[in-house]
Amino acid sequence: MAETAYFAHSLQTWLGGGPLWIWGAVSAVVVIFGLALPFGGLATYAERKIAADIQDRVGPNRVGPFGILQFLADAVKMLAKEDFIPRGGDHFLFNIAPVFVVVGACATFAVLPLSKYLLGADLNIGVLYVLAISTLVSPGLLLGSWASENKWSLLGGLRAAAQIVSYEIPVALCILPIILISGTLQIGTIVELQGWNLALEGAKSPHFWNLFHNPFTLVSGFILFIAGLAETNRIPFDLPEAESELVSGFNTEFSGMRFGLFALGEFCEVFVMCAMVTALYLGGWHIPFLDIESFGVTLPTLLVALIQLTMFMIKTLLLVFVVMWLRWTLPRLRVDQLMSLCWKGLVPICLFNVLGTAVWLWVFHGRSLAQLIFQGGGH
Amino acid sequence: MSSGSQAILFAFQLMTLMSAVLVAFHPNILYASVALLFTFLGVACMFIFIGADFLAGAQVIVYVGGITILILFAIMLTQWMYKATLRDVRTKILLPVVACGLLVTPILLKTTRLIADLGPLGTAETMTAFSFSPKTQVIGQALLTSYVLPFEAVTILLLGALVGAVWLARPQ
C-alpha cells in the first residue's frame with residue numbers, strides 16, 4: 001500500500017535528511033524502548049494483579065498507587081542481583097541464549113500494524129517475516145538450557161524446542177486461509193481488507209473481519225490462538241517450565257537480568273501472538289461496523305492514527321487478558337497429550353480449514369459471509 | 001545502493017564467511033552448529049539485499065527454524081557427541097581440497113558467466129523498486145504453471161519421507 005508511512009521514512013522526512021539506515025536503527029530503538037520494554041514490564045504487573053484477583057488475593061500493592069510501579073522495582077532488583085553462571089556451564093552459549101530469545105521476540109514488532117499510519121515496515125512478506133524471525137526463539141531456549149549444565153534445564157529446553165517446532169505447523173496452516181482470502185502476505189493490506197464498507201463493490205472491497213469470513217476461518221482463528229499459546233509456552237502448554245516437574249525448566253539456572261530477558265522475551269511473544277491474531281482475524285485497527293475514513297468528514301491523520309492505535313491495543317490487550325485468565329483456569333497438559341493434540345487434533349482440522357476456505361472462495365467468487373448477506377448473492 | 005547499506009551488506013557477508021569457516025574448523029560440534037545458524041542467517045540477509053525477500057523468509061524458516069534445531073537436538077540427545085573434540089582435520093588435507101576444487105570450480109565458472117551475461121544491476125531507483133515489488137505471487141504462479149511437474153514430484157517425495165518417518169517411529 002502506497003499511503004502507509006514507514007517509521008524510518010517518516011523520521012527521515014520530519015527530522016530532515018540523513019541516511020535511511022540510521023533512522024531505521026533509531027526506529028528499532030524507539031519500538032523496543034517505547035513498546036516492547038514497557039509492555040513487558042506492565043505485563044508482569046498485570047499478570048500478578050489478575051492472578052491475585054482470580055485467587056482472591058491482593059497482589060502487589062506497596063510500590064506506587066495500586067502497586068503499579070512494582071515492575072520498576074523488580075527491574076532494579078534484577079539489575080542488582082548476582083550475575084551467576086553455573087560451574088561447568090558453557091559461558092559463551094549461556095550469555096548468547098537470552099539474546100536470541102529477545103531478538104526473536106522484539107524483531108517481530110517491526111511489522112505489527114498498530115495503525116494504518118504507524119507501521120514499522122509493511123513488508124511484502126510480512127506474515128512470513130513474523131513466522132521466520134520468531135523461529136530464532138527456539139535455538140535460544142535450546143542453547144540456554146544446554147549451557148546451564150543442569151538436567152532439568154536441558155529437559156525443559158528440549159521440550160520447548162520440540163513444542164515450538166511442532167506447533168509452528170498449525171500456526172502456519174491457520175495463517176494460510178487468510179493469505180488465500182487476501183491474496184497477499186502484506187499485513188497492512190490484510191488488515192485493510194477487513195474494514196466495514198460493504199457498499200463498495202468489487203473483489204477487493206472490504207469484507208469485514210476474517211474471523212467471520214466463512215465458517216472455516218471461524219474455526220482456524222480459534223486454532224491460531226490455541227497454537228499461539230503453545231508456541232509462547234503459556235499455560236496450559238507451559239511444559240518447558242513445568243515448575244512441579246522441572247524446577248523452572250530452561251531458565252532454572254538464569255539469574256538477574258538474564259532471567260529478566262527470558263521473561264521479557266516471553267511477554268513480548270505473547271503480545272506479538274495476540275497482535276497477530278488481532279491483525280489477521282479480528283480486523284486489526286478497524287472499529288466494528290464503522291469505517292472512520294469514509295465518514296463524510298476527513299479527520300486529521302494523527303487523530304485517525306490514534307483512534308486506530310487505541311482500537312488495535314484494545315483488541316490485543318483483551319486477548320492478552322484471556323491468555324492470563326487461562327493460566328489460572330486450565331491445568332497443564334502432559335507431553336504425550338501435547339503432541340497428540342497438535343498432530344492428531346489441530347493439524348488435520350487446519351488442513352480441512354485450508355481446503356474448506358479454498359472451496360468457499362471458489363464457490364462464492366471470493367465473497368465473505370457479510371458480503372453475501374448485505375450485498376446479496378448476485379453480481 | 002548507498003554506502004550505508006553497502007557497509008551493512010559487507011558486515012553480513014563477513015559474518016557469513018567467518019561463521020562458515022568456524023563451521024568447518026571448530027573442534028566442538030555444538031559450536032560448529034551454532035556457527036552454522038549464523039551462516040544461514042547471513043545468507044538470508046544477503047537474499048534480502050538482492051531483493052529476494054520470500055527466499056530470505058523461507059531460508060530462515062527452513063534452515064534456522066528447522067534444520068539447525070534438528071542438528072542441535074541430535075547433538076544434545078547423543079551424549080558423547082558434545083563432549084568429543086574433533087581434531088583430525090589437519091591430517092587429511094590433499095583429498096578434500098582436490099575433491100572440493102573439482103566440485104566448486106565448475107559452479108564458480110558457471111555463476112561468473114551467468115553474472116556476466118546479466119550485465120549491470122541497474123540504478124538505485126530500479127533496484128529499490130524491484131526490492132519492494134511483490135515476488136511471492138510470481139513465484140507461486142511459476143510453481144503452479146511452468147514448474148508444476150517438478151513441484152508435484154517434490155511433494156510426492158516429501159510425502160514419502162513423511163510416511164517413512166512415521167513408519168520408522170511407530171510403536172513396535
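Only the coordinates and a few stated rules stand behind these numbers; no lab work does. Remember, predicted model here, so these are calculated numbers, not experimental data. Cβ atoms come from the backbone with ideal geometry, glycine included; neighbour counts cover every protein chain shown.
Within the group A:Leu141, A:Leu158, A:Leu180, A:Leu218, which residue is more than 22 Å from A:Pro113 (Cβ to Cβ), over 17 Å from the mean Cα position of the chain (by Cα) and more than 9 Å from every other protein chain (Cβ to nearest Cβ)?
The conditions single out A:Leu141.
Which numbered condition trips up A:Ala107, out of (1) within 12 Å of another protein chain (Cβ to nearest Cβ); (2) touching a Leu at 6+ places or on another chain (Cβ under 9 Å); (3) of a type outside the set (D, E, K, R); (4) more than 30 Å from A:Ser182 (Cβ to Cβ)?
(4)
Taking the options A:Ala230, A:Ala242, name whichever one is closer than 15 Å to A:Leu330 by Cα and crowded, with 23+ Cβ neighbours inside 10 Å.
Answer to the check: A:Ala230.
Got at least one residue in the range A:324-341 being among the basic types (Lys, Arg), assigned to a helix (DSSP H, G or I), out of contact with any Gly (no Cβ under 7 Å at 6 or more places or on another chain) and free of Cβ contacts under 8 Å to residues at least 60 places away in the same chain?
no
Take the residues in the range A:52-79 that are farther than 30 Å from A:Leu119 by Cα and touching a Phe, Trp or Tyr at 6+ places or on another chain (Cβ under 6 Å), then tell me which one is surrounded by the most Cβ atoms within 10 Å (Cβ to Cβ).
A:Gln70
Restricting the search to the range B:2-44, which residues are within 11 Å of another protein chain (Cβ to nearest Cβ) and within 15 Å of the chain's Cα centre (by Cα)?
Answer for the range B:2-44, where residues must be within 11 Å of another protein chain (Cβ to nearest Cβ) and within 15 Å of the chain's Cα centre (by Cα): B:Ser33, B:Val34, B:Leu36, B:Leu37, B:Phe38, B:Phe40, B:Leu41, B:Ala44.
Could you please give the count of residues in the range A:116-133 that are outside any loop (DSSP other than H, G, I, E, B), more than 9 Å from every other protein chain (Cβ to nearest Cβ), buried (at least 23 other Cβ atoms within 10 Å of the Cβ) and not β-branched (Val, Ile, Thr)?
2
Which of the residues spanning the range B:45-74 are surrounded by 18 or more Cβ atoms within 10 Å (Cβ to Cβ), among the aliphatic types (A, V, I, L, M) and at the interface with chain A (Cβ under 9 Å from one of its Cβ atoms)?
B:Ala56, B:Ala58, B:Val60, B:Ile61, B:Val64, B:Ile69, B:Leu72
Residues are listed down the side, and each one gets a yes or a no for (1) part of a loop (DSSP other than H, G, I, E, B); (2) hydrophobic (A, V, I, L, M, F, W, C); (3) surrounded by 16 or more Cβ atoms within 10 Å (Cβ to Cβ):
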{"site": "A:Leu280", "(1), (2), (3)": "no, yes, yes"}
{"site": "A:Pro288", "(1), (2), (3)": "yes, no, no"}
{"site": "A:Leu306", "(1), (2), (3)": "no, yes, no"}
{"site": "A:Lys315", "(1), (2), (3)": "no, no, yes"}
{"site": "A:Phe374", "(1), (2), (3)": "no, yes, no"}
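For the range A:47-83, enumerate the residues that are within 26 Å of A:Phe254 (Cα to Cα), of a type in the set (D, E, K, R) and within 25 Å of the chain's Cα centre (by Cα).
Hits for the range A:47-83 are A:Glu47, A:Arg48, A:Lys49, A:Asp74.
Yes or no: A:Ala75 more than 10 Å from chain B (Cβ to nearest Cβ) and either within 28 Å of A:Gly284 (Cα to Cα) or in contact (Cβ under 8 Å) with a residue 24 or more places away in the chain (or both)?
yes
Residue by residue, here is whether (1) under 21 Å from the mean Cα position of the chain (by Cα); (2) part of a helix (DSSP H, G or I); (3) touching a residue at least 12 places away in the same chain (Cβ under 8 Å) holds:
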position: A:Pro86; (1), (2), (3): no, no, yes
position: A:Gly89; (1), (2), (3): no, no, yes
position: A:Phe94; (1), (2), (3): no, yes, yes
position: A:Val101; (1), (2), (3): yes, yes, yes
position: A:Cys106; (1), (2), (3): yes, yes, yes
position: A:Ala110; (1), (2), (3): yes, yes, yes
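So, in the range A:183-198, of the ones that are more than 12 Å from every other protein chain (Cβ to nearest Cβ) and not β-branched (Val, Ile, Thr), which residue ends up surrounded by the most Cβ atoms within 10 Å (Cβ to Cβ)?
Here the residue is A:Gln194.
Somewhere in the range A:160-180, is a residue free of Cβ contacts under 8 Å to residues at least 40 places away in the same chain, on the phi < 0 side of the Ramachandran plot and among the charged types (D, E, K, R)?
No, the range A:160-180 contains no residue that is free of Cβ contacts under 8 Å to residues at least 40 places away in the same chain, on the phi < 0 side of the Ramachandran plot and among the charged types (D, E, K, R).
Can we say A:Ala147 is away from chain B (no Cβ under 14 Å), within 22 Å of B:Ile67 (Cα to Cα) and in contact (Cβ under 8 Å) with a residue 12 or more places away in the chain?
The answer is no for A:Ala147.
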